[in-house]
1. Where in the stretch 635-707 are the strands (runs of 3 or more DSSP E), entirely inside, with at least 2 residues that are at pLDDT 95 or above and surrounded by fewer than 19 Cβ atoms within 10 Å (Cβ to Cβ)?
2. Name the single residue that is nearest to the chain's Cα centre (by Cα) among those in the stretch 66-113 being surrounded by 24 or more Cβ atoms within 10 Å (Cβ to Cβ) and β-branched (Val, Ile, Thr).
3. Pick from Thr447, Thr408: which is touching a helix residue (DSSP H, G or I) at 6+ places or on another chain (Cβ under 9 Å) and either more than 29 Å from Lys468 (Cα to Cα) or surrounded by fewer than 16 Cβ atoms within 10 Å (Cβ to Cβ) (or both)?
4. When you check Lys209 against the structure, is it under 28 Å from Arg576 (Cβ atoms), within 16 Å of the ligand (Cβ to nearest atom) and charged (D, E, K, R), yes or no?
5. Looking at the structure I just gave you, is Asn257 of a type outside the set (Lys, Arg), within 13 Å of the ligand (Cβ to nearest atom) and closer than 25 Å to Asn282 by Cα?
6. Would you confirm whether or not the stretch 148-155 contains a residue that is within 16 Å of the ligand (Cβ to nearest atom), farther than 30 Å from Val684 by Cβ, modelled with pLDDT under 95 and out of contact with any Gly (no Cβ under 9 Å at 6 or more places or on another chain)?
7. When you check Met42 against the structure, is it in contact (Cβ under 8 Å) with a residue 12 or more places away in the chain and more than 16 Å from the ligand (Cβ to nearest atom), yes or no?
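The values are calculated or read from the model by the stated rules, or taken from the named source; none is laboratory data. All figures in this text were calculated on a predicted structure; none of them were measured in a lab. Neighbour counts run over all protein chains shown; Cβ positions are idealised from the backbone, glycine included. Side chains included, ligands, DNA and RNA excluded: accessible areas come from the protein's heavy atoms. Shrake-Rupley method; radii C 1.70, N 1.55, O 1.52, S 1.80 Å.
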Amino acid sequence: MQRIPNKYQLLVFIFLINILSSQAQMLHKDYSSQADSVLQLMTLEEKIGQLNQYSNDRKNTGPVINNKNHLEEIRKGKVGSMLNVTSVSRAKQYQEEAMKSRLRIPLLFGMDVVHGMKTIFPIPMGEAASFDLELMRKTAEIAAAEASAHGLHWTFAPMIDIARDARWGRVMEGAGEDTWYGSEVAKARVKGFQGNNYNDRRTVLACAKHFAAYGVAIAGKDYTGADISENTLHQVYLPPFRAAIEADVATFMSAFNDVNGIPATAHKPLMRDLLKETWKFNGFVVSDWGSVGELQNHRVAANAEEAALLAVTAGCDMDMCSASYIGNLEKLVKEGKVDIAIIDDAVKRILTKKFELGLFDDPFGYNYREAELDDELINKAHRKIAREAGNKSIVLLKNNAALPLPGTVRNIALVGPLCTSRWDMIGNWGAMGKPEYVTTILDGFKTALPNCKITHIEGYDPRTNEIKELPELSGFDVIIVAVGEKASESGEAKSKVDININSNHQQLVKRLKEESNKPVIALVMGGRPLVFSAMEPYADAILVTWWLGVEAGNSIADVITGKYNPSAKLPMTYPRHSGQCPIYYNHKSTGRPWSKDNQYTSRYIDEDIRPAYPFGYGLSYTTFHISAPVLSKEQYGFNEKIILKTTVKNTGNYKGKETVQLYLQDVVSSVTRPVIELCGFQQVELEKGEEREIEFVLTSKDLGFFNIYNEFVTEPGEFKLFVGNSSENATMLKSASFYLAK
Ligand code: BGC
């Protein structure tokens with residue numbers, strides 16, 4: 001039965017809320033006593049209500065579980081948060097209902113604002129190719145400004161799962177395969193979304209997801225378990241989450257998968273013990289969509305009640321869409337199966353975030369910027385950053401002097417349905433991005449080259465991929481063809497067994513070359529590393545153009561015309577065959593490392609062991625020479641700075657930017673370590689002929705790893721450092737070695 005507060009209690013409560021929320025403007029961190037004072041007044045039912053999240057019945061991003069109008073439940077205080085509420089008016093309507101509830105606790109509105117809200121930026125993996133952390137912070141900041149103008153408080157981003165298997169469709173949502181780089185990107189994106197103060201109404205709470213090891217995705221299959229060593233878990237998959245906490249991330253999302261025998265949503269050792277106890281994470285954990293209920297499918301719970309018991313005990317504070325908490329926790333507490341302290345802790349974490357956002361002060365505080373939503377063509381300043389992000393995300397893989405386009409070009413063929421597609425440029429998780437905001441590739445070229453004749457040729461049928469009849473091609477000066485994936489082909493539940501670009505697309509590239517005998521430039525679109533060895537010899541230039549968002553057409557035209565000299569690097573290895581997956585540069589050595597002269601080594605009998613394009617690879621229109629690295633000393637103590645210098649020279653004909661990468665090798669260690677691993681990078685922009693010395697500084701912590709007991713240690717001994725402009729090229733250059741003394 002609901003406990004009605006007496007008049008005195010209500011007055012005290014309202015008084016407290018007023019005092020406390022005026023402080024909310026000044027305090028960023030400590031709302032503990034405020035949250036406690038609200039908690040004190042809550043009935044058990046109301047507490048459980050705070051742990052319950054529903055989706056707007058008009059938009060679902062997972063299997064529909066409980067699709068009804070939730071207004072009445074909100075009024076009864078049975079809902080703490082809503083997701084997928086995309087309009088300000090709808091958010092207001094829900095919040096008004098929450099204000100009719102007994103304690104008037106405001107709702108929290110969340111949504112997947114992954115790579116832009118209205119101004120859609122390149123997909124996260126594309127943007128990660130820029131190796132420009134400030135850019136990633138900035139695009140997240142803009143996404144937050146637009147999301148909060150829509151009345152949202154919270155984004156379910158960034159996805160910081162390390163991903164090594166291109167068959168997994170969700171690789172597009174992350175920063176690729178490298179743990180160190182993934183951790184840097186995690187921090188940049190969290191800072192971008194959240195700004196410096198949760199209370200700033202142009203920012204939103206971020207969510208580090210999916211905790212943990214979702215990216216393991218065995219055989220690339222979405223939702224599969226992660227059966228991996230504890231060492232790999234700590235060394236490879238957990239560091240980006242730790243980094244997100246360093247960046248003050250407000251929330252975590254538990255993953256769908258099982259981690260070494262325990263589904264992540266019921267994983268007490270990971271969520272309660274590691275995340276909350278050891279790492280001292282003070283935000284809250286939301287489940288993934290329905291993942292509490294899915295504990296039954298994992299067969300660790302016989303029914304929804306057992307699922308709720310497992311998840312809440314493990315440290316999952318909010319139930320997204322499975323309604324297992326709201327349906328069962330009250331009974332579980334009353335029967336003594338769930339300690340009320342667990343419920344109180346979860347509620348307090350959620351209330352604290354609502355205080356930090358200033359929602360108790362003004363529950364409608366995020367609903368005042370509607371005017372910003374009306375501009376038809378979206379904010380110009382935001383579009384400018386989207387174009388820059390597009391420029392910096394495009395990776396040049398091959399160039400037989402076909403690019404940049406010579407000024408003599410007058411007659412261009414643009415081939416393929418992707419050249420006129422708007423939807424596909426938005427990619428997956430398009431939030432409120434609309435096709436009409438998109439500059440198509442065709443439009444981008446028409447604007448960039450007003451003196452050229454630009455003809456669009458359909459090339460293939462976008463539904464069947466059948467090659468269409470081709471016109472006479474010999475009259476064109478150059479042929480630019482877009483091939484690869486449609487936006488619907490990468491993302492959640494988009495696993496593939498074959499990551500080859502459709503064979504008809506590849507055949508089309510061959511025919512274009514053979515029938516025109518003109519330079520053919522291939523734009524490889526998609527959300528994941530793809531294999532395209534059949535078309536590779538027929539393309540004079542190949543660029544990875546992902547799905548670049550609203551400015552896709554302009555960004556691509558800028559690079560093709562040379563207005564922007566490509567600078568991006570692959571954040572994930574591109575295999576030469578699907579059968580090589582998972583393939584990643586920082587693999588361990590084996591007892592029989594690959595050697596081309598010895599058959600009893602780690603190799604394939606039917607395919608090269610090496611990838612098509614390695615991690616960190618990407619060309620420019622100019623060339624660079626990176627000199628052999630020089631260390632300040634040969635031996636360092638634990639507290640000394642390790643200083644390495646190298647010189648980069650622009651040896652080509654254009655101004656350009658190089659990303660100099662620093663890789664580390666621990667020569668002998670107590671557990672097996674990767675052959676090399678990225679530990680730093682610097683971007684250097686140089687005029688033609690210019691050279692610059694750059695310096696990297698490491699500390700002994702940068703040399704550390706998780707030992708057999710999963711303790712983070714740095715072991716003395718010999719280390720090698722390599723510099724280069726890709727993971728492959730670095731090991732070919734001369735390395736520098738040093739000793740770390742005891
Ligand atoms: C995804 C999450 C997402 C959630 C809400 C799930 O299916 O795995 O990443 O945040 O839906 O849309």
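1. 642-650, 677-686, 691-698
2. Selected residue: Val113.
3. Criteria check complete, one pass: Thr447.
4. No.
5. yes
6. So far as the stretch 148-155 goes, yes, one or more of its residues are within 16 Å of the ligand (Cβ to nearest atom), farther than 30 Å from Val684 by Cβ, modelled with pLDDT under 95 and out of contact with any Gly (no Cβ under 9 Å at 6 or more places or on another chain).
7. Answer is yes for this residue.
One line per residue, one yes/no per condition, for (1) within 30 Å of the chain's Cα centre (by Cα); (2) modelled with pLDDT under 95:
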position	(1), (2)
Lys337	no, no
Lys353	yes, no
Glu356	yes, no
Glu370	yes, yes
Asn379	yes, yes
Ile385	yes, no
Ile412	no, no
